[in-house]
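Bear in mind that the values in this text are calculations on the coordinates, not laboratory data. Given the structure is predicted, the values throughout are model-derived calculations rather than measurements. Neighbour counts run over all protein chains shown; Cβ positions are idealised from the backbone, glycine included.
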């Protein structure tokens, strides 16, 4: 299990546009998720132990904060040819098994991951109601095997600060997880 850190996209960046299929083949766009309150974009995948470690907590977080107006979406960008465990069929199963309260989208071309400068799974991007990046970083300090409890402390504190009207939030620690599984020859230049 190799650990890759977030690239830490610049705060204030406008949310890159997208239109991707969900687990049922329906196209979902950034505009479909628009919220005057905020949007959390999560790059995840099916097989990553870092994501598996957090899946239940991500569902709990989304259920809580969607009631407060935060839209949430998960995107998988992994190369399914070389990592078939991340296939859209298994994405659907994962979503159903965990009762995801958010769309789970498939970024087959990996262009959306590149637009967000996503590097790992999980990688989190919290945008304010104006679709400007407010927070990018870890969910909390918990990692598989490190005995730290899963609290969502960093994401909750950042989201609460944004909802309370803060202009910024510190600290912003990079997320850590498995690297996105890039298709051969499609690796991004931002590493």
Cα-based Rg (one decimal) and Dmax (whole number) for region 4-179, in Å? 14.7, 44
Which length gain, in nm to one decimal place, applies between residue 115 and residue 34 when the Cα-Cα distance is subtracted from 0.36 nm times their residue separation? 27.4 nm
Tell me what the chain gives for mean residue ellipticity at 222 nm when only DSSP H runs of n ≥ 4 count, each as -39,500 (n - 2.57), the sum divided by the residue total, rounded to 500 deg cm²/dmol. -7500 deg cm²/dmol
Of 54, 9, how do they rank once you tally other Cβ atoms within 10 Å and put the fewest first? 9, 54
As a test, work out the antiparallel percent of DSSP beta bridges whose residues both lie in the chain, rounded to the nearest 5. 65
For region 146-191, the percent of all C-alpha pairs falling in each 5 Å bin, from 0 up to the bin holding the max distance, is 4, 14, 18, 16, 12, 14, 14, 6, 1
How would you rank 99-108, 120-129, 78-87, highest first, on the average number of other Cβ atoms within 10 Å across their residues? 120-129, 99-108, 78-87
With N residues in region 1-77, Rg(alpha-carbon) / (2.2 N^0.38 Å) equals 1.19
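If I take all pairs of Cα atoms in region 58-119, what percentage of them are more than 14 Å from each other? Please report the intermediate quantities before stating the final value.
Details: 1141 of 1891 pairs.
Result: 60 percent of Cα pairs exceed 14 Å.
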Seen from all sides and averaged, what is the projected area of the convex hull of the Cα atoms in region 97-140, in nm²? 4.4
Suppose R0 equals 22 Å; then what is the FRET efficiency for residue 17 and residue 164 from their Cβ-Cβ distance, rounded to the nearest 0.05? 0.20
Roughly how many Å is it from the Cα centre of region 18-50 to that of region 65-88, as a whole number? 6
